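> Attaching a single structure in structure tokens format; questions to follow.
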Amino acid sequence: MASSTSDPASRLFRLSLGVFLIGGFMASLISLLVPRVRLALGLGYAAAAGIQLASFSSYLVLAVPVAALVTMAGYMRAHAIALTMMAVGCIVLLAGLARQDYAVILIALLAVSTGATILQIASNTAVTMVGDPRRAAFRLTILQGFNSLGTVLGPAVGASTIVASAQTGAAFGGPALPFGLAAVALAALSLAFFRHRDLLRGMPAGDLRVPRAAWLGALRDRRLIAGAGAIFAYVGAEVAIGALLTDFLMTPHALGLAPTAAARLVVLYWGGAMIGRFAGAAVMRRVAPATLLAIAAALAAVLVVGAVFGGGPVAAAALLATGIAHSIMYPTVYVLALPDRPEQATPGAMVLCVAVVGGAVVPFLTGLLADRIGLVPALLLPAGCYLPILAFALRVRCPRPPS
């Protein structure tokens, strides 16, 4: 019995490595579109932040139907559907960039984010539920480390293509390389998951029949709702900082760099998250996840405030270092908030998925503030997002009571 369970869990984990890697690659490329579109089309910070609004709004709008889709299709087929949608979205995005059509760009990003919404529920939940529950936070943190590796590779490729092409006037050639590669990788992963569509058949975690009461019960789970608030705040802060970091490094308050040089430095932000996640997975063997989460939230708040009230290389280094503090937040909150019972996992994942809309709301509000009071003081908004994360970490130091 043990071997039949561990083999599907191992294969799922290996397949998930590719999903998390390409997911991080796509996320960082989309963040680089903010300065590109702002420079190429002459938009303000708030209008350019509409890219993140389009990219993350589907988490709110589509979470319920996506959860129903995952329940009907199963985890593996849901992966294949999501990855196909994201590949198609990349192709449409290239067409929009070639035409410099802002509306087509936003439509393409909605397709990509819809696929990402499906993965948000299917992938995170499957990895959490399939395998030893005591190592769920460890597994998800390792996978998030590969997600961060993707976010490092994204700026490494995109800084000299996406952002640089906006400066030189090249409308299509630059973005074609990173988004074309992403489309091919997404299509290949979709085929791999479809070939393994029956991998979880017969396993308890593969049975996604959800009683009607479980959907309503998710809204009454205080720990789950608190975790959703923490995820809203975390994703909002991370996306806002990631999207505005290039512009921050270009300001005289920080380093006053040219756009391409600033975009290349963003690799340090995502690289810090990657190192932090792999290191965090090791630390979790000795330190309780909730304790580590509290330390990370407090550190992130101090770093962003330091970036605002500091100056020069110190301010730049402080904001870049928030990637390290962000590293273990998402997987730790997700595992600590998700209900333990398999029939409650999909409704719980739906609630946590809705919370990812923070990646649309917080960057947009930060962009509005930046247009009115300046980019640097506007960063105090994402700095405040770490308070609900800290509150959640302090609340869940005790294990979830049996249901």
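The values are calculated or read from the model by the stated rules, or taken from the named source; none is laboratory data. Worth saying up front: this structure is predicted, and the values here are computed from it rather than measured. Here the Cβ is made from the backbone with ideal geometry for all residues, glycine too, and neighbour counts use every protein chain on show. When the accessible area is computed, the model is the full protein with side chains, heavy atoms only, and any ligands, DNA or RNA have been set aside. Shrake-Rupley method; radii C 1.70, N 1.55, O 1.52, S 1.80 Å.
> Check segment 320-333 and report whether any residue there is more than 16 Å from the chain's Cα centre (by Cα) and either aliphatic (A, V, I, L, M) or within 17 Å of LEU245 (Cα to Cα) (or both).
So in segment 320-333, the residues more than 16 Å from the chain's Cα centre (by Cα) come out as 320-321.
Cutting the leftovers down to either aliphatic (A, V, I, L, M) or within 17 Å of LEU245 (Cα to Cα) (or both) gives us 320-321.
Yes, some residue in segment 320-333 is more than 16 Å from the chain's Cα centre (by Cα) and either aliphatic (A, V, I, L, M) or within 17 Å of LEU245 (Cα to Cα) (or both).
> Give me the residue from segment 84-103 that is modelled with pLDDT of 90 or more and not aliphatic (A, V, I, L, M) and, out of that set, nearest to PRO347 (Cα to Cα).
Step one: filter segment 84-103 for residues modelled with pLDDT of 90 or more, giving 84-92.
If we keep only those that are not aliphatic (A, V, I, L, M) too, we end up with 84, 89-90.
Numbers: THR84: 24, GLY89: 27, CYS90: 29 Å.
Checked segment 84-103; the qualifying residue nearest to PRO347 (Cα to Cα) is THR84.
> For the subset of segment 168-183 comprising residues that are over 20 Å from the mean Cα position of the chain (by Cα) and part of a helix (DSSP H, G or I), which member is modelled with the lowest pLDDT?
THR168
> Hey, among LEU43, LEU53, LEU106, LEU39, which residue is open to solvent by 10 Å² or more (accessible area, probe 1.4 Å), farther than 24 Å from LEU143 by Cα, at pLDDT below 85 and not in a helix (DSSP H, G or I)?
LEU43
> Taking the condition open to solvent by less than 50 Å² (accessible area, probe 1.4 Å), assigned to a helix (DSSP H, G or I) and in contact with a Leu (Cβ under 8 Å, 6 or more places away or on another chain), does VAL267 pass? Walk me through it before giving the result.
Values: open to solvent by less than 50 Å² (accessible area, probe 1.4 Å): yes; assigned to a helix (DSSP H, G or I): yes; in contact with a Leu (Cβ under 8 Å, 6 or more places away or on another chain): no.
Answer is no for this residue.
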